[in-house]
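Student: First the structure, which I've put down as structure tokens, then a few questions once you've had a look.
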Amino acid sequence: MSAAELIGHLTQQQADEHDSAMLAVRLSHAERLGNMGWAEWNLRTGDAVWSDHVYVIFGRDRADGPLGLPELAGYVEPGDLGALDQLLWSVVQGVEPVQAEFRIRRGGEVRNLRVVLEPLLAPGGPIGVHGVVQDITGRRRAERIMSESRRQLLEARERAAEERHVMLALREAILPEPGSRLDLPGTRIAVRYVPAEKTANLGGDWFEAAALPDDRVLLAIGDVSGHGLPAIAHMAQLRHALVGLTMTGEPADRLLAWLNELVLHRLDETTATAIIGHLDTETRVFTWSQAGHLPPILVRDGKAEALVQPKGVLLGATCDQPYRLASVDLQDGDLLLLFTDGLVERRTRDIDVGLDLAVSAAARLLTCDLDAGLDRLLADIGGPNPEDDACLLAVGVGC
């Protein structure tokens with residue numbers, strides 16, 4: 001052999017050794033990343049060969065050598081021994097690969113294994129078994145976590161649905177039927193309560209419309225801060241207080257002053273907005289006062305505009321600012337729309353945009369068709385508010 005041939009032979013030999021080393025490194029990386037290894041058992045001699053990562057999976061020192069097939073049972077959890085027996089029986093009786101999952105105890109912890117075994121066949125029958133062993137503990141743990149999360153989510157949804165049912169039932173017990181129409185002296189009144197889509201955002205919106213002993217009609221609407229059962233409870237106290245105070249015959253500004261005292265001294269850490277008004281059915285004069293609330297919309301001859309507000313601060317804000325009265329002379333066919341801010345506020349738009357939409361939609365309301373008109377108005381301004389509930393009170397005059 002010439003020197004050139006010898007150099008070429010040595011170079012090829014080194015290249016082959018390098019390729020083999022690289023293949024071994026890559027195989028080791030693949031086993032580690034997949035948390036798996038390979039094993040082979042000779043059924044005639046009882047000898048076994050394991051790759052390095054199978055030792056890691058079983059927590060076994062490499063110096064102790066691999067386990068024989070019969071010795072695997074010593075590692076398997078008692079409840080899974082049947083799965084191991086079925087696996088071994090199937091692989092020595094068949095010709096196709098078989099697989100099973102079972103648990104082993106490694107040190108002080110339980111691990112989940114997936115084992116695939118394939119018989120090594122010869123003319124006289126199987127002479128060995130080749131297998132792949134994978135530790136799937138992390139996958140099964142993630143599945144259990146996901147299953148538990150789904151269970152908790154389902155329970156949370158069921159609790160939310162039950163809570164929503166309770167809150168809506170409580171509101172219905174406190175407020176008049178929200179889809180009803182009230183025919184009071186000289187007026188036709190339609191109301192809507194539109195709950196927030198999210199259970200947690202059901203709030204303290206309320207309204208009141210009632211004939212008074214002095215031939216006036218009480219029209220009121222308001223919104224207590226917060227959401228959930230506390231807001232509904234505060235709303236009930238405020239509304240019931242108003243119903244009782246109305247019997248005094250005092251004007252709206254005085255009623256608001258009393259309600260402000262109630263919020264300041266009895267409803268801790270609570271504020272509220274409100275409009276209280278009296279409609280004289282003889283003179284058609286609507287006299288009203290407001291506490292930090294959006295103004296009513298007056299619709300006349302197909303045109304709509306927000307009324308100019310009298311001064312009035314939020315209920316529960318201060319006791320030093322008086323409430324003022326305002327009045328407007330109404331005509332036959334006029335319509336007043338009172339509403340809470342859940343009608344016009346959206347997280348995705350400025351409130352002035354919502355108010356403009358409400359005014360435009362209100363212009364299409366007809367006194368003789370209030371119920372259907374309110375449904376159309378809600379659709380025109382974007383439907384129910386997912387973040388907040390809303391009350392609407394539409395009053396047609398001279399019906």
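Student: Limited to region 228-274, what total is found for residues that are within 15 Å of residue 314 (Cα to Cα) and among the charged types (D, E, K, R)?
Tutor: 5
Student: Still on this model: Being of a type in the set (Ser, Thr, Tyr) and modelled with pLDDT of 85 or more is true for just one of 225, 180. Which residue is that?
Tutor: 225
Student: Taking region 320-363 as the search range and keeping residues that are free of Cβ contacts under 8 Å to residues at least 60 places away in the same chain and over 40 Å from the mean Cα position of the chain (by Cα), which one is surrounded by the most Cβ atoms within 10 Å (Cβ to Cβ)? Break it down into steps so the answer makes sense when it comes.
Tutor: Let us first name the residues in region 320-363 that are free of Cβ contacts under 8 Å to residues at least 60 places away in the same chain, namely 320-321, 326-329, 337, 344-354, 356-357, 360-361.
Now narrow it down to the ones that are over 40 Å from the mean Cα position of the chain (by Cα): 320-321, 326-329.
Working: 320: 6, 321: 14, 326: 19, 327: 16, 328: 17, 329: 9.
Here the residue is 326.
Student: Take residue 273 and decide whether it is over 14 Å from residue 328 (Cα atoms) and in contact with a strand residue (DSSP E or B) (Cβ under 7 Å, 6 or more places away or on another chain). Give the derivation first.
Tutor: On the way: over 14 Å from residue 328 (Cα atoms): yes; in contact with a strand residue (DSSP E or B) (Cβ under 7 Å, 6 or more places away or on another chain): yes.
Yes: the conditions hold for residue 273.
Student: If residue 245 satisfies every condition in (1) touching a Gly at 6+ places or on another chain (Cβ under 6 Å); (2) surrounded by fewer than 23 Cβ atoms within 10 Å (Cβ to Cβ) but one, which is the exception?
Tutor: (1)
Yes or no, residue by residue, for (1) in contact with a Gly (Cβ under 9 Å, 6 or more places away or on another chain); (2) under 20 Å from residue 53 (Cα atoms):
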{"position": "106", "(1), (2)": "yes, yes"}
{"position": "113", "(1), (2)": "no, yes"}
{"position": "116", "(1), (2)": "yes, yes"}
{"position": "120", "(1), (2)": "yes, no"}
{"position": "124", "(1), (2)": "no, no"}
{"position": "127", "(1), (2)": "no, no"}
{"position": "133", "(1), (2)": "yes, yes"}
{"position": "139", "(1), (2)": "no, yes"}
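Student: Got at least one residue in region 254-270 being buried (at least 21 other Cβ atoms within 10 Å of the Cβ), within 24 Å of residue 374 (Cβ to Cβ) and in the same structural domain as residue 217 (by TED's automatic domain parsing)?
Tutor: Within region 254-270, not a single residue is buried (at least 21 other Cβ atoms within 10 Å of the Cβ), within 24 Å of residue 374 (Cβ to Cβ) and in the same structural domain as residue 217 (by TED's automatic domain parsing).
Student: Give region 73-96 a look and list any residue that's under 47 Å from the mean Cα position of the chain (by Cα) and part of a loop (DSSP other than H, G, I, E, B), or say none.
Tutor: Result: 75, 77.
Student: Among the strands (runs of 3 or more DSSP E) contained in region 284-392, which hold 1 or more residues that are in contact with a His (Cβ under 9 Å, 6 or more places away or on another chain) and closer than 28 Å to residue 228 by Cβ? Before the answer, list the steps.
Tutor: Numbers: elements: 285-291, 297-300, 303-306, 326-329, 335-339.
Of the strands (runs of 3 or more DSSP E) lying wholly inside region 284-392, those with at least 1 residues that are in contact with a His (Cβ under 9 Å, 6 or more places away or on another chain) and closer than 28 Å to residue 228 by Cβ span 335-339.
Student: Next question. Looking at 67, 87, 72, 117, which one is at pLDDT 90 or above, touching a Pro at 6+ places or on another chain (Cβ under 8 Å), closer than 20 Å to residue 36 by Cβ and surrounded by 15 or more Cβ atoms within 10 Å (Cβ to Cβ)?
Tutor: 117
Student: Name the residue that is nearest to residue 357 (Cα to Cα), counting only residues in region 377-388 that are modelled with pLDDT of 85 or more and surrounded by 14 or more Cβ atoms within 10 Å (Cβ to Cβ).
Tutor: Selected residue: 381.
Student: Here is a list: 317, 274. Which entry is in the same structural domain as residue 184 (by TED's automatic domain parsing) and over 20 Å from residue 251 (Cβ atoms)? Spell out how you get there, then give the answer.
Tutor: Values: 274 fails: over 20 Å from residue 251 (Cβ atoms).
When all the criteria are applied, what remains is 317.
Student: Moving to a separate point now. Of everything in region 132-161, what is within 19 Å of the chain's Cα centre (by Cα) and acidic (Asp, Glu)? Give them in sequence order.
Tutor: Answer for region 132-161, where residues must be within 19 Å of the chain's Cα centre (by Cα) and acidic (Asp, Glu): 148, 155, 158.
The values are calculated or read from the model by the stated rules, or taken from the named source; none is laboratory data. As the structure is a prediction and not an experimental result, all values here were calculated from the model. Cβ atoms come from the backbone with ideal geometry, glycine included; neighbour counts cover every protein chain shown.
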